[in-house]
């Protein structure tokens, strides 16, 4: 054991913050040592974000003290915090899409010549920083053209350019693929190795276990655990976060597939090439793949939101290749889209209205008019059945937390009892407790004899739920595995396009399944 | 000959007010403020220029006062959209309507006339090579704006503010400050545009004498994609259309038809650019099947 350094990088003492109706932080102490990667964990609403916005000068605490590098600090704005050597990468990136990487990095701290931005110096600066920290990115690229992983690099470069000694990353891997996340952690470790400090705000257990030195867990605004990563386990952290024992990464028992419900052959659309697959009743088929390899486009084409340019799609033996979204739904399809805020729900409409959407066509209206009593009863029933926490059915959907909104969306779609459910990223940004609930619902839906096509960026989710796993790469379905052969390594390899040995396995697997599908 | 040097000079005269106003609009656009109050600001400039020149005898003081008055008038937009977070379209339209009423009212109370005020002793701007000094100033303004926006620290920050105010704020740049500056600058430029219209092209004030030039400037901003050089080209197109309209009138076409020329060109230009943009975003659906 090395003796702890004289001054911690960040020291919060007795931070208390009350918002109307909630105590967001209740006398929170947090000590982050210099040169460590410190994970701040907790479910949504546990107070992580409030604590970090107090540290970063975005919110004032009601009580408590902040010390940075041993000095008393009382930041009135993020600018003050930056001047004291802090830097934050927000969950939704704060970048200028139309500007170049170099312009983004130097913005508001520009190298100048005669009042003009010294572009050559800015480019050089980006190259030097990029090389020093393993954050390679083209300084002249337009940020809007970059994939998410590279944009995050730009965010980190921005902080390094300003000389940040302590980096706060808010849910940094929420938008990254497993491979990108691994790269990020390698970068963070090297930064920590150089004496910089990293505070990781997250609710993902895997990355905390692999990437952090110590963990502080918040629940209901209070610190409930301080752990050394090397001496703890995922179960212990999860229990601290939720306040009860949670079974993580359950692999559910396989289903009993019946007749083919969805039959897709050679489907082609913008971003998808000749995709063929079948989903049977009582079966969950999972689609794994790095984001942007055509999964979203495939699901949108199946849901009728994107024109199909080639191939054939049939649902319960009816040809729906060119059917509209409404026709598809009437023929027996329900859909949980990836973006629950913009596509899945109408945030300004009430919870009851959101729950009625889609059902308005069938059970809740007569002669074109909605039956208000029916809408209310329907809402109450679904709120009970799916455990949606809403103060009243009349509150706007935007008042629900992410997890509850997702429960609303999934509940509404499951209630259609449609033979086929398309579901994208069912648990993205959802708490551990709610994840379990959603997974149980999906399994129950399958066991009731429905077909489910699942797209997820979480490999553990795909492995836990799917009876069969397909892998998409560059718009094609490149591999297919049964539940027992779909381990994380195999899938990861296939998602990356497959190596020489992986490719052989892949091709065989596809052939086997194509034969099976023909039978 | 239909196209000759007279037509070119006439086009350059018509160009100046549109160009100045459109530059102001472009700067606002870059700062993320949709400014459709150009017309009203310009009209305030026209009236102030004529009034000041009449009472002081100096057209130059008229130009200065026009710039200041229009800048003050533009504060309505700045306070309304930036500080009070109002709707820029509603405010812009209101400003345009208010300017028409206010200048007509003041025309009556100060000069005791209705419709038009002109007097042989009202001093206009001198001409240099057949053009008002403000014409040369407007060309210089294009170059300055181009360099400021693309290369200067201020321009970089302004563009950042216009694109992602949140992101700018996290880096300690105040979006409000830059937006105020952009709107005030557009006020100054519109004031100059008004002075040019009332003391440069002609020497008089007529009710609603901007006659839609501010709206044409708004279109020039869109057409030129808020780039100073693009705005110059777009404004030149409208200048040519206006000059060609005069010329056609000389050839015996009815005035009502020729007056419509710049607006017809505006509509045509808008139609063509939106059609082109739409073609570009449409995905190449044939590529995947080939």
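Candidates are the residues of the stretch A:59-91 that are out of contact with any strand residue (DSSP E or B) (no Cβ under 9 Å at 6 or more places or on another chain) and assigned to a loop (DSSP other than H, G, I, E, B); the one that is surrounded by the fewest Cβ atoms within 10 Å (Cβ to Cβ) is A:76. Taking the stretch A:158-194 as the search range and keeping residues that are over 27 Å from residue A:44 (Cα atoms), assigned to a helix (DSSP H, G or I) and touching a helix residue (DSSP H, G or I) at 6+ places or on another chain (Cβ under 8 Å), which one is nearest to the other protein chains (Cβ to nearest Cβ)? This residue is A:158. Total residues in the stretch A:465-493 satisfying the condition of being modelled with pLDDT under 90 and in a loop (DSSP other than H, G, I, E, B): the figure is 3. Which count do you get for residues in the stretch B:168-180 that are in contact with a helix residue (DSSP H, G or I) (Cβ under 7 Å, 6 or more places away or on another chain) and either more than 9 Å from chain A (Cβ to nearest Cβ) or assigned to a helix (DSSP H, G or I) (or both)? The qualifying residues number 8. Checking the condition part of a helix (DSSP H, G or I), in contact with a helix residue (DSSP H, G or I) (Cβ under 8 Å, 6 or more places away or on another chain) and not assigned by TED's automatic domain parsing to the domain that holds residue A:332, which residue from A:410, A:462, A:383, A:388 passes? Going through A:410, A:462, A:383, A:388 in turn, the sole match is A:383. Candidates are the residues of the stretch A:256-273 that are assigned to a strand (DSSP E or B) and away from chain B (no Cβ under 14 Å); the one that is farthest from residue A:321 (Cα to Cα) is A:260. Considering the stretch A:166-190, and only residues there that are over 16 Å from the mean Cα position of the chain (by Cα) and surrounded by fewer than 21 Cβ atoms within 10 Å (Cβ to Cβ), the residue that is farthest from residue A:31 (Cα to Cα) turns out to be A:183.
For the condition surrounded by fewer than 17 Cβ atoms within 10 Å (Cβ to Cβ) and within 12 Å of chain B (Cβ to nearest Cβ), residue A:127 does not qualify. Checking the structure you have, find out if any residue of the stretch B:150-166 is within 25 Å of residue B:25 (Cα to Cα), more than 12 Å from chain A (Cβ to nearest Cβ) and in contact (Cβ under 8 Å) with a residue 40 or more places away in the chain. No, the conditions are met nowhere in the stretch B:150-166. Scanning the stretch B:140-167 for residues that are under 20 Å from residue B:88 (Cβ atoms) and not in a helix (DSSP H, G or I) yields a total of 1.
Residues in the stretch B:97-130 that are within 30 Å of residue B:181 (Cβ to Cβ) and surrounded by fewer than 19 Cβ atoms within 10 Å (Cβ to Cβ): 6 in all.
Please work out if residue B:91 is under 21 Å from the mean Cα position of the chain (by Cα), without any contact (Cβ under 8 Å) to a residue 60 or more places away in the chain, farther than 30 Å from residue A:79 by Cα and surrounded by 21 or more Cβ atoms within 10 Å (Cβ to Cβ). The answer is yes for residue B:91.
Count of the stretch A:81-117 residues, restricted to those that are at the interface with chain B (Cβ under 9 Å from one of its Cβ atoms) and free of Cβ contacts under 8 Å to residues at least 60 places away in the same chain, is 17.
The values are calculated or read from the model by the stated rules, or taken from the named source; none is laboratory data. Nothing here was measured: the structure is a model prediction, and the numbers come from that model. Here the Cβ is made from the backbone with ideal geometry for all residues, glycine too, and neighbour counts use every protein chain on show.
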